[in-house]
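Notes for the one structure printed next.
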Amino acid sequence: MSELDRTDDGIVDPDLRSELEALGDRMDELDALISLTESREQCSPPPALQAVSHAEGLWPIASAEEVDNQQLKETISLLKATLNSTTDGILVLDNDLRVVIYNTKFVSLWNIPKSLNRRSEADWFKAFTAPLMENSEQFINRIREQLSHTDEATRDILRFTDGRIFESRSHPQKIEGETVGRVWSFRDVTKQRQAQELVEYQATYDPLTDLPNRRLLLDRLNQTLARCRRHDRIGALLFLDLDNFKTINDTLGHPTGDALLQQVARRLTDCLRREDTAARLGGDEFVLLLAEESSTIEAFTHHVDMAANKVLSALSEPYEVQGHRLYATTSIGVSLFPQDDESADDVLMQADTAMYRAKEAGRNTLRFFLPSMRKFSEEQLQIQNDLRQALERDELKILWQPKHDFSGNTLGAEALLRWEHPVRGLIMPSEFIPVAEDIGIITSLGNQVLEVACRLLRKLADEYTEAGPIHLSVNISPQQFQQADFSMQIAHYLETSGANPSRLILELTENMLVTNLDEVMAKMVDLKRLGVRFSIDDFGTGYSSLAYLKRLPLDEIKIDRSFVNDIIKDPETVSIVEAIITMASKLGLSVVAEGVENSREFNFLRKRGCHCFQGYMLCQPLTEKEFLEFISEGNIHTARANSSQSVFEGF
């Protein structure tokens, strides 16, 4: 018997109370009748009979001579009918656990077989019913406890081995103020309790993985924090985030992603002790709460480090999911507690912060939370707030970095964002673009750049025809490209500005191309029909594949600056760059070398067949006004004026 919700508070259902009180009255009257039968030979009516004769509704008022055995039978019949008319099972036991009386509903509820000889076995109730309970010994002890507490009404929840759940209510049976036994009523509440427990379960457990959810995790974390402070112990919370789960989910679909999360949950559970907790916060975020220990900080940190590495190893093993062999690593942030007076939410936030540091460290690793990380997080939050305001204050500026051929002629320019912060000064894209992606404004920001680029293309065509066909390149973020209406947005900006689509180059990264290749190709084909050109930015630093170079409608590739800057000192880099240029030539693709910083790099690339160059040594990024002046006044002269060393000397 599982005594959930047991309350010995004396509360009894009003309908049941009235039934039991009426039953008690009739039992008293029955006792009086029995006493009357035994004293029939006496001349004068006994006091009991005088009391019975005034019991209205049971039998007519009669003299002692008129009360006979037939009336006794009628009274017993009425008592049985009353017992059997109730919807609850009724049982009366004396103080020795012997059955006094029960109704037919009790027999049916408890499935008592007809073959059981209830008359010859005084303790048949205990012998038959106890084995039916989840905890038979606790069940019998509870009955004895109720019999010993003579004046208390009780309520219990009884659980059977077959899954049924009964609600039991009882109150004492008394004769002339003396407790002689106890009356129980039983009601099958299996469906109601199961529905209630389902609601409670859904409120505290994740329906996909059956792990505790955030609500239950925080409750357990609060309890653990309290125990740690009370007993001077140490606990640990591990915050886990799967690496690149979104790629799997978007590529193979949510059913596959859900199945993967279920396997991750099982592996996490297998890595833990019984006293630990694994929870899912949502998405691909999981949390492990390690039970507190009485240990030194050094020893406990070592224990947590071993546990976290065990999890990393388990989750990095391949997964077989719906016919796919998948790999999913994880980044883990660890927070040890208590440190000060932090709350459960504080501990969770600290572990979350450490997890992001693990991702920045290369993923598939772990980091412990340090106080310095809190300062970094506060700075990041400030940057996020400032960046939102920067859009409103027009603090983000678009600069244009020219692209040249080997003779110094301007072929085009790439749009570069700069943030002129009112306090911190100039902030480079590498610092604020990831923030813009995190807070969801990168698409809006990218659309603004596209709109400006299209307007400038039209202006170049109308007012600077002598500069020749100038192309403008715009970097496209993964989030922006994945928008369902991305192609429509490009078409809209081209149409409203009147720009020539063939002069617009969209720069994509390699990682964008390998995610759902068919969808990427469909968008690129749509835009190619408009005349838009495509370039692969930072070629060689991502998931390079000859397959997508062959299938996708590309126009150019840009050699990453990391290769360009190493060609003078690293023979292996020389081989890579030569291979890229040769491959692009065979595939009919233009090659742009970005980050050209000196004449040696320039000369090397020119001799290998590269015909377009971009870099600070060639020309610094320019405002729109400066760029227009640059292309109208003469490229080589302006390039020399803006560079400490011109690579065009001698050309």
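The values are calculated or read from the model by the stated rules, or taken from the named source; none is laboratory data. For clarity, every value in this text was computed on a predicted model and none was experimentally measured. Note that each Cβ is placed from the backbone with ideal geometry, even for glycine, and that neighbours are counted across all protein chains shown. For the accessible areas, the whole protein counts, side chains as well, though only heavy atoms, and no ligand, DNA or RNA atoms are used. Shrake-Rupley method; radii C 1.70, N 1.55, O 1.52, S 1.80 Å.
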Sequence ranges 291-300, 606-615, ranked by mean other-Cβ count within 10 angstrom, highest first: 606-615, 291-300
Return the distance in nm (one decimal) between the two label points of a simple spin-label model at residue 409 and residue 360, each offset 7 Å from Cα along Cα→Cβ. 4.6 nm
Output the peptides 440-446, 596-602 sorted from most to least packed, where packing is the average of other Cβ atoms within 10 Å over each peptide's residues. 596-602, 440-446
Nitroxide proxy distance, nm - points 7 Å out along Cα→Cβ at residue 517 and residue 231: 5.7 nm
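Which value in Å does the Kirkwood hydrodynamic radius of the range 159-224 take, with 1/r averaged over all unlike C-alpha pairs and then inverted?
Values: mean 1/r = 0.0650 Å⁻¹.
Radius from the Kirkwood sum: 15.4 Å.
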Between residue 269 and residue 430, what FRET efficiency follows from the Cβ-Cβ distance if R0 is 41 Å, with the result rounded to 0.05? 0.55
By the Cα gyration tensor axes a ≥ b ≥ c (a/c under 1.5 gives rounded; else a/b larger than b/c gives prolate, otherwise oblate), the shape of the range 206-369 is prolate
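Determine, for each peptide in 467-473, 574-580, the mean count of other beta carbons within 10 angstrom over its residues, then list the peptides with the highest first. Each step should come with its number before you reach the end.
Numbers: 467-473: 18.6, 574-580: 16.7.
Those peptides, ordered most packed to least, come out 467-473, 574-580.
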From the phi angles alone, apply the Karplus equation (6.51, -1.76, 1.60; θ = phi - 60°) to the range 444-455 and give each ³J(HN,Hα) in whole Hz, x where the residue is Gly or Pro. 4, 5, x, 5, 5, 5, 4, 4, 5, 4, 5, 5
How large is the accessible surface of residue 143 in square angstrom, using a 1.4 angstrom probe and rounding to the nearest 10? 10 Å²
Distance histogram for the range 81-203 (every C-alpha pair counted, 5 angstrom bins, percent rounded to whole numbers): 2, 10, 19, 24, 21, 13, 6, 3, 1, 0, 0
Assigning unit charges at the beta carbon (Lys, Arg +1; Asp, Glu -1) and nothing else, what dipole magnitude in debye, to the nearest 20, does the range 81-203 show about its Cα centre? 420 debye
Name the long-range amide H neighbours of residue 189: under 5 Å, sequence gap of 5 or more, or other chain; modelled H, no Pro or chain starts. 165, 166, 167
Could you tell me, in Å, what Rg and Dmax come out for the Cα atoms of the range 233-310? 14.7, 46
Sequence-distant or interchain residues sharing an amide H contact under 5 Å with residue 532, placed H: which? none
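Counting only Cα atoms, I'd like the Rg/Rh figure for the range 507-601, Kirkwood definition for Rh. Numbers along the way, then the final one.
Values: Rg = 14.0 Å, Rh = 14.0 Å.
In the range 507-601, Rg relative to Rh is 1.00.
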Surface share of carbon and sulfur [accessible, 1.4 angstrom probe, percent] for the range 501-598: 51 percent
Quick one: length gained pulling residue 203 to residue 451 fully straight, 0.36 nm per residue minus the C-alpha distance? 84.6 nm
Just tell me which lysines come within less than 29 Å, Cα to Cα, of residue 310; anything on the same chain fewer than 8 places away is out. 246, 359
Does the range 133-292 come out rounded, prolate or oblate, given a ≥ b ≥ c as the square roots of the eigenvalues of its C-alpha gyration tensor, rounded meaning a/c under 1.5 and, failing that, prolate meaning a/b above b/c? prolate
Where the centroid of each part is defined by its Cα atoms, how far is the range 539-594 from the range 173-221 in Å? 67 Å
For residue 499, what residues show an amide H to amide H distance below 5 Å, using hydrogens built from the backbone and excluding near sequence neighbours? none
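State whether the range 385-633 is rounded, prolate or oblate according to the following rule on the C-alpha gyration tensor (a ≥ b ≥ c being the square roots of its eigenvalues): a/c under 1.5 gives rounded; otherwise a/b larger than b/c gives prolate, and the remaining case gives oblate. Don't skip to the end; give the middle numbers.
Values: a/c = 1.31, a/b = 1.19, b/c = 1.11.
Here the range 385-633 falls in the rounded category.
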Set the Förster radius R0 to 41 Å, insert the Cβ-Cβ distance between residue 87 and residue 223 as r into 1/(1 + (r/R0)^6), and round the FRET efficiency to 0.05. 0.50
